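Readers should treat all values here as calculations from the given coordinates under stated rules, not as data from a laboratory. All of these numbers come straight from a predicted model, not from anything done at the bench. Heads up, the Cβs are rebuilt from the backbone with ideal geometry, glycines too, and the neighbour counts pull from every protein chain shown.
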Amino acid sequence: MTIRRMDNVSVVVEDLEAATAFFVELGMHLVGEATVEGGWVDRLVGLENVSADLALMQTPDGHGRLELTRFHTPRAVRAEPEDAPVNTLGIRRIMFAVDDIEAVLARLQSRGAELVGEMEQYDDHYRLCYVRGPEGVVLALAEELG
């Protein structure tokens, strides 16, 4: 076997506190925080003089993790517009299964999230929507129906 699991997805943010609060509002749990710096980090990521704060978030089932990273040095750079459309090349969205999509959407909107398009229903299987959260990160929410 070549892969054991997908461990986490990293999202670089400017406001770590706000991003952490946003994902807690979604229902994730903060499971760890750290500051990383020094030669080993520089060599690992291919940058110089790295100093970054990390917050590790985990889904309630314990399987999905998200690493939120705020770089102090070198400063983070934006490679694309914050409101890049969902058909932009690269990692475009993170999907979460939820129990009550309207309640989750309302909570996220209270933290500044905006609908990307509209809430839609896929056959009799799912209610779905895309929302743009902190730093322009796009989340898909999916509520399984009956």
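Scanning the chain for GluC sites (Glu not before Pro) in DSSP loops with at most 14 other Cβ atoms within 10 Å, what's the longest stretch left with none?
Details: sites that count: GLU14, GLU48, GLU82, GLU118.
Longest site-free region, per DSSP loop and neighbour criteria: 83-117.
Ignoring everything except DSSP H segments at least 4 long, calculate the 222 nm mean residue ellipticity for the chain; use -39,500 (n - 2.57) per segment, divide by total residues, nearest 500.
Working: 3 runs with 27 residues, N = 146.
It comes out at -5000 deg cm²/dmol, rounded to the nearest 500.
How many angstrom lie between the C-alpha centres of segment 1-52 and segment 69-146?
Using only Cα atoms, the two centres lie 19 Å from each other.
Tell me the angle of helix 16-26 to the major Cα principal axis of the chain, expressed in degrees between 0 and 90 and rounded to the nearest ten.
30 degrees
About the Cα centre of segment 9-73, what is the dipole size in debye to 20, counting +1 per Lys and Arg Cβ and -1 per Asp and Glu Cβ, all else neutral? All intermediate terms of the calculation are to be shown ahead of the outcome.
Numbers: 3 positive and 11 negative charges, 41 e Å.
Dipole magnitude for segment 9-73 comes out near 200 debye.
Do any trypsin sites (Lys or Arg not before Pro) in segment 1-82 lie in a loop, going by DSSP, with at most 10 other beta-carbon atoms within 10 Å of their beta carbon, and if so which?
Details: sites: ARG4, ARG5, ARG43, ARG65, ARG70, ARG75, ARG78; in loops: ARG4, ARG5, ARG75, ARG78.
Hits after loop and neighbour filter: ARG4, ARG5, ARG75.
What value does segment 9-73 have for Rg/Rh, both radii from Cα atoms and Rh as Kirkwood defines it?
Details: Rg = 12.4 Å, Rh = 12.2 Å.
Across segment 9-73, the Cα-based Rg/Rh ratio is 1.01.
Translational diffusion coefficient, Stokes-Einstein: compute it for segment 94-144 using the Kirkwood radius over C-alpha pairs as Rh, at 25 °C and 0.890 mPa s, and state it as an integer in µm² s⁻¹. Kindly include the intermediate steps, with their values, before the conclusion.
On the way: Rh = 10.8 Å.
It diffuses with D of about 227 µm²/s by this estimate.
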